[in-house]
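What follows is a set of notes on a single structure, which appears directly below.
The values are calculated or read from the model by the stated rules, or taken from the named source; none is laboratory data. These numbers were taken from a predicted model, which means no experiment stands behind them. Quick reminder, even Gly has a Cβ in these numbers, built from the backbone with ideal geometry, and neighbours come from all protein chains shown.
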Amino acid sequence: MKKLLSIIVFVCIVLPLSAQWSSDPSVNNIVYSNGETFGSLTATDEATGMTYIQWFVLSSSGMRPMMQLYDNQGVAQWQENGIIISTNQNSTALYGTALEVSSDGCALVAFADERNGDMNPFIYKISQTGEFLWGNNGIQLSSSEAYRIYVYPCNDGSAWAAWYGETCYMRHINADGTTDPIITIENNSDFGHVICDDSNNAIMAYFHQTGGTFMWPNREVKVCKYSTSGAPIWLAATIIQSYSYNFSTELQLVSDGLGGGYVATIPVINDRHQAVIAHFNSNGTATTPMAGAFASLESSAYNYYPTISVDPTTNNCIMFFRRSNVDENTFQLKGQCFTVTGSRLWTNTGVSFSGYNDYVYPITSASVPTGGAVLIYEFGDANNQSTIKALRVDADGEFVWDNESVYMCNLPSSKSISHVCTGFHNGQVIYAWNDARLPQGLYAQNLKLDGTLGPIQISTISGDANGDGNVNVSDINTVISYISENEPEDFIFDNADVNGDNTIDIRDIVLIVNIIMQ
């Protein structure tokens, strides 16, 4: 029966559709055209540029997870409107889902459903041919309840998953689908987010409740580290002191590229939401003040909806956030850059990227390999009619594009946004959202580093690692930069992998030298 199901799934993966990434912000690529979608996520395989887009639709059995795969030119690889991941019973409420790409190019999808009566967490691994590698029903991570779920890929095809119900949990899943023990974090913990280091040890940042009420709990932010076997490497340590929070406030966690990480969240201080970050080093020790580093020292404003990324050239944290007046009727996009000690580099009140009366909402951001970051944001009005725009700044907070900001979608409509984009791979970032335009459904768009839309140009010349159409010493420098984990802006994996062993190393450099010398 299992073999038959696999055959059915494979047959459903039909020939690619003919569209490419749209270069017109009024058109965009439609991923799903059969009605409203929920919880869209995107993730790209760095080696190939293949991008998974995952979403939910409402069905008679509750929220049904679905997925589509695109190549780096924006051509859908699976059947029209994507494939169904699971038809198991699910809640009509969507408590959280996660999508990442494993180091071997597969989709890692995690969500909770009610197939066993309670909201239990499950994880699937799906290949680029649509094969369900961890079984057609995935792997049940726990019999505990799960709300928010996070996934982080390891460097050997395995992954970490984190979730919380009454407390935070995490678990390592090996590449073959076998699982290591469940790790239980301390009581009164929630919103646990996970990343891992180069040795595949998990680092979790989470809230620990210290008092307050259900609607307005007092929380401190802690971090801990565990091996895949469940042995603690760091005992839990506080990196942000206890503050009052709205009960639904989450935290963000990103790697700093140095073995530690940054955490961003929004406590309520003096009756005002204030975006703050904290940094911890590779030993789990906070390098920022226990009060956190504030995005702005302006006392007469709310600063919230932060989105963070790490500049790979400096290891500084770039935060975009929304500033509003105390009456919350004027809004502005702002940004701040933090060092690992919490020093603010873009003045004590941040840099402004829009006017004071703009109805703006930061959605998600991505670091740029050569420094700085791109912000994707919602630009609209109080009647819920919005467009989607993007801006790019350098490491000093200066606009990079001549037009300062560009449209990814210029059609005003009601949109349901996602706080996840792919990050830059092959010189483009990809974002998906639900749109009430006709036909209503899920739409996606790419954005290139120069601020334009549409298909990317990729060289297929062996040894042309930077894709400029020539093989010369600049390609050697690009490969060295990649091996050194500096994430060069223009890098084509297939061209750099001259010997075709799916690994970039010194042997490829030698072969590029040979090509140059011919």
(request) Sort through Ser23, Ser91 and tell me the only one that's surrounded by fewer than 20 Cβ atoms within 10 Å (Cβ to Cβ), out of contact with any strand residue (DSSP E or B) (no Cβ under 9 Å at 6 or more places or on another chain), touching a residue at least 24 places away in the same chain (Cβ under 8 Å) and outside any strand (DSSP E or B). (result) Ser23
(request) Hey, can you tell me all the residues within region 87-126 that are modelled with pLDDT of 95 or more, hydroxyl-bearing (Ser, Thr, Tyr) and either touching a Phe, Trp or Tyr at 6+ places or on another chain (Cβ under 8 Å) or within 12 Å of Arg64 (Cα to Cα) (or both)? (result) Tyr124
(request) For Ile458, work out the one condition from (1) under 27 Å from Val31 (Cα atoms); (2) under 21 Å from the mean Cα position of the chain (by Cα) it doesn't fulfil. (result) (2)
(request) Answer with yes or no whether Pro312 is farther than 20 Å from Ser386 by Cα and modelled with pLDDT under 95. (result) yes
(message) For region 395-412, which positions are polar (S, T, N, Q) and either under 16 Å from Ile318 (Cβ atoms) or modelled with pLDDT of 95 or more (or both)?
(response) Ser405, Asn410
(request) Among what's in region 324-374 and is at pLDDT 95 or above and among the charged types (D, E, K, R), pick the residue that is surrounded by the fewest Cβ atoms within 10 Å (Cβ to Cβ). (result) Arg344
(message) Take the conditions among the aromatic types (Phe, Trp, Tyr), under 27 Å from Trp78 (Cα atoms) and surrounded by 18 or more Cβ atoms within 10 Å (Cβ to Cβ) and apply them to Tyr150. Does it pass?
(response) yes
(message) Being crowded, with 17+ Cβ neighbours inside 10 Å and in contact with a Phe, Trp or Tyr (Cβ under 6 Å, 6 or more places away or on another chain) narrows it down to one residue among Leu453, Leu449, Leu442; which is it?
(response) Leu442
(message) For region 313-321, check the following and say yes or no: at least one residue is polar (S, T, N, Q), on the phi > 0 side of the Ramachandran plot and under 24 Å from the mean Cα position of the chain (by Cα).
(response) yes
(message) Can you pull out every residue in region 288-309 that is over 24 Å from Ala366 (Cβ atoms) and either touching a residue at least 40 places away in the same chain (Cβ under 8 Å) or not aromatic (Phe, Trp, Tyr) (or both)?
(response) Pro289, Met290, Ala291, Leu297, Glu298, Ser299, Ser300, Ala301
(request) Scan region 166-186 and give yes if some residue there is without any contact (Cβ under 8 Å) to a residue 12 or more places away in the chain and under 22 Å from Ile126 (Cα atoms), otherwise no. (result) yes
